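The values are calculated or read from the model by the stated rules, or taken from the named source; none is laboratory data. These numbers come from a predicted model, not from an experiment. Here the Cβ positions follow ideal geometry from the backbone for every residue, glycine too, while neighbour counts run over all protein chains shown.
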Amino acid sequence: MSRDQTEQTRLPRIVNVGLCAVLVSFCDELRESANRAALAFRAELEKTAPEGVLETSTSLTSVLVVYDPARLGVADLHGHLTDLLQSRQWEKADLPDNRRLWRIPTVFGGAHGLQLQEAAALAGLSEAEALRQLSAARLRVMTIGFAPGQPYLGSLAPHWDIPRQSGLTKQVPAGAIAVAIRQLVMFTTATPTGWRWVGQTGFRGFRPESETPFALRPGDEVQLVPVSTEELEAASAGDQTGDAGATWEIIA
Amino acid sequence: MSRALIVHRAGPLVTVQDRGRPGQMAFGLSRGGAADWRALVEGAVLLRQSAGCAALEMAGSGGEYEATEDIRIALTGAPMAAHLDGRRLVWNASHRMAAGERLSIGAASAGIYGYLHVAGGIATRPFLGSHAAHLAAAIGAPLAPGDTLPIGADPEPDSGKAGYCLPFDDRFSGGTLRVLPSVHTGRFSARTRARFEATVFSRTPRGNRQGAELSFDGAPFSSQGQLSILSEPMMAGDIQMTGEGIPFVLLPECQTTGGYPRIGTILPQDLALVAQATPGAALRFRFVTHEEAMAVYQPPGALYRALSQGLQPLLRDPHDIHDLLSYQLISGAITGWN
């Protein structure tokens, strides 16, 4: 096997990440099909990984495989991954089982989404139409990252391919919904961001006090249900779970 | 009071650390754990216990501690001036510490992270299988005066062996870091990679357990299409080139994905050289082949066994020699790495 990674441009692509990890990339840009492929490929790998694989995870379009090189040779791992890649059309594969559809109460705009109007304008929409689209969409948890339990939700329709701001919004609260590049992010902590703040939930994606600290899993779906400020406050008041009124069901 | 360690004074960044939490990257949580794995294993070897035991990681300086019962301790990692009730303690060694005695640990004379290990390990409530603080993820917190940390049962309560030392392994003054290709190595030209290997770097003060920024003389290190890279998974050891073309080495509490190009990944056993480097220590990078990397790779269990062979008594009196012999008879049966 060539150790020179400079020539490998064909997709999907398997490259080494140092001594103890390998990355399988399905695409160099974000496509729904590549995200589907990454999620499905990882789910299969979790079931059939050879001895010596320690951990797998996904980004938007890639799967990382962490392994112990003392127990599993890099050539054997590449061979296994290559065989698995060729075993089916991953871009058309079914998403993992037991995915959930979450319905999460959200206040859009106003003091709880200061940039909804601005984001709507960039998408070429009225504020009301933007709200309608953002709450009608069933979005996939495409990946979790940046902070523990923090989901990136997508994909929105092409006109939502709006850029990040050149500057940063100083701070949005935990549970804030922000938009850019056809995705929504639901922040798990108060944070500065280059994404535009359009809504607010009481949902906590990371629950360090819980036995199940990560509420969402990659592949889950999320629908943001518009509520009033009062309704969100009522759902959040005294909430110990982190759900703040959110419900879920298994996607059949 | 039950078996515990009382914190009377703590350095600015003393945290409980162990091997971290593998298996959570898919949820956006990096492994975390000790910045200097070798120091963690050294402490376990000195106390002849599992390398899974949690210890205190002390960044820059230690603090003042007291035990509620007689315990065994070990001191490893960046050497710090340590005294027990005024008596100077040898670093990289294990010692007895009686209930009520004051253990005072000063500033590091080299390196950054020193470690205080206790027989039985620090036994704070685990989260996802680990005691380790992960400050970037808001898991755990730096120790503060008044904290009381529970300690696990000593694996050898009767023999209570202490008074051993390990040879000094200098990873506290920079050096050459061996590197393998990473996700975007191919986006850097051969010329840029050659310059990267020829450049002398040093850590800037900007750094923590998430990562270390490096400074150098010369032009920024740029790559093809560096602004259009989709975020990809990343892990400790990866060398990111930031938007300014400055290397940033990822450490245990790094984020799990990132959009900057990565020129290479440091071999696991060399990562402590970066974590322990103080500003000014010279760091160089050298690309190696996968075969070269495998030839020097030492999985943690093998490291534990190798270090055990080098264990020596602090004092050469007949009692200690007797202990040493009895230890070597059974050392082959202990891996400590379960």
Any residue that is in contact with an Asp or Glu (Cβ under 8 Å, 6 or more places away or on another chain), surrounded by 19 or more Cβ atoms within 10 Å (Cβ to Cβ), among the hydrophobic types (A, V, I, L, M, F, W, C) and more than 14 Å from every other protein chain (Cβ to nearest Cβ) - is there at least one of those in region A:143-156?
no
Scanning region B:1-37 for residues that are buried (at least 23 other Cβ atoms within 10 Å of the Cβ) and part of a helix (DSSP H, G or I) gives B:M25, B:A26, B:F27
Here is a list of conditions, (1) within 10 Å of another protein chain (Cβ to nearest Cβ); (2) under 25 Å from B:I266 (Cα atoms); (3) out of contact with any strand residue (DSSP E or B) (no Cβ under 7 Å at 6 or more places or on another chain), and A:L30 meets all of them except one; can you say which number that is?
(2)
Sole miss for B:Q298 among (1) under 20 Å from the mean Cα position of the chain (by Cα); (2) modelled with pLDDT of 95 or more; (3) in a loop (DSSP other than H, G, I, E, B) is condition (2)
Going by the structure shown, is B:R191 surrounded by 14 or more Cβ atoms within 10 Å (Cβ to Cβ), more than 16 Å from B:Y260 (Cβ to Cβ) and assigned by TED's automatic domain parsing to the domain that holds B:G243?
no
Test A:L72 against the criterion of being of a type outside the set (D, E, K, R), more than 8 Å from every other protein chain (Cβ to nearest Cβ), free of Cβ contacts under 8 Å to residues at least 60 places away in the same chain and within 25 Å of B:P22 (Cβ to Cβ), and give yes or no.
yes
Strands (runs of 3 or more DSSP E) wholly in region B:100-202 with at least 2 residues that are closer than 27 Å to B:Q312 by Cβ - which ones?
B:102-108, B:113-118
Show the residue pairs that are 6+ apart or on different chains and have beta-carbon atoms under 6 Å apart, the first residue being within region B:120-145 and within 14 Å of chain A (Cβ to nearest Cβ) and on the phi > 0 side of the Ramachandran plot, the second being of a type outside the set (S, T, Y) and part of a loop (DSSP other than H, G, I, E, B).
B:L128/B:R21; B:G140/B:A133
Residue list for region B:224-250, filter: within 14 Å of chain A (Cβ to nearest Cβ) and surrounded by 21 or more Cβ atoms within 10 Å (Cβ to Cβ)
B:E232, B:P233, B:M234, B:M235, B:A236, B:G237, B:D238, B:I239, B:Q240, B:V249, B:L250
Selection status of B:R19, at pLDDT 95 or above, among the charged types (D, E, K, R) and touching a Pro at 6+ places or on another chain (Cβ under 6 Å)
no
Scanning region A:196-223 for residues that are within 15 Å of the chain's Cα centre (by Cα) and closer than 21 Å to A:A128 by Cβ gives A:Q223
Unique residue being farther than 30 Å from B:A141 by Cβ, more than 14 Å from every other protein chain (Cβ to nearest Cβ) and at pLDDT 95 or above when the list is B:R178, B:R195
B:R195
Between B:A306, B:A277, which is at pLDDT 95 or above, of a type in the set (A, V, I, L, M), assigned to a loop (DSSP other than H, G, I, E, B) and within 18 Å of the chain's Cα centre (by Cα)?
B:A277
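Could you tell me whether region A:174-187 includes any residue that is over 30 Å from A:T61 (Cβ atoms) and free of Cβ contacts under 8 Å to residues at least 40 places away in the same chain?
no
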Where residues in region B:147-175 are more than 19 Å from B:H117 (Cα to Cα) and surrounded by fewer than 20 Cβ atoms within 10 Å (Cβ to Cβ), which of them is nearest to the other protein chains (Cβ to nearest Cβ)?
B:G175
Quick one: in region A:194-225, of everything that is outside any loop (DSSP other than H, G, I, E, B) and within 14 Å of chain B (Cβ to nearest Cβ), which residue is surrounded by the most Cβ atoms within 10 Å (Cβ to Cβ)?
A:F206
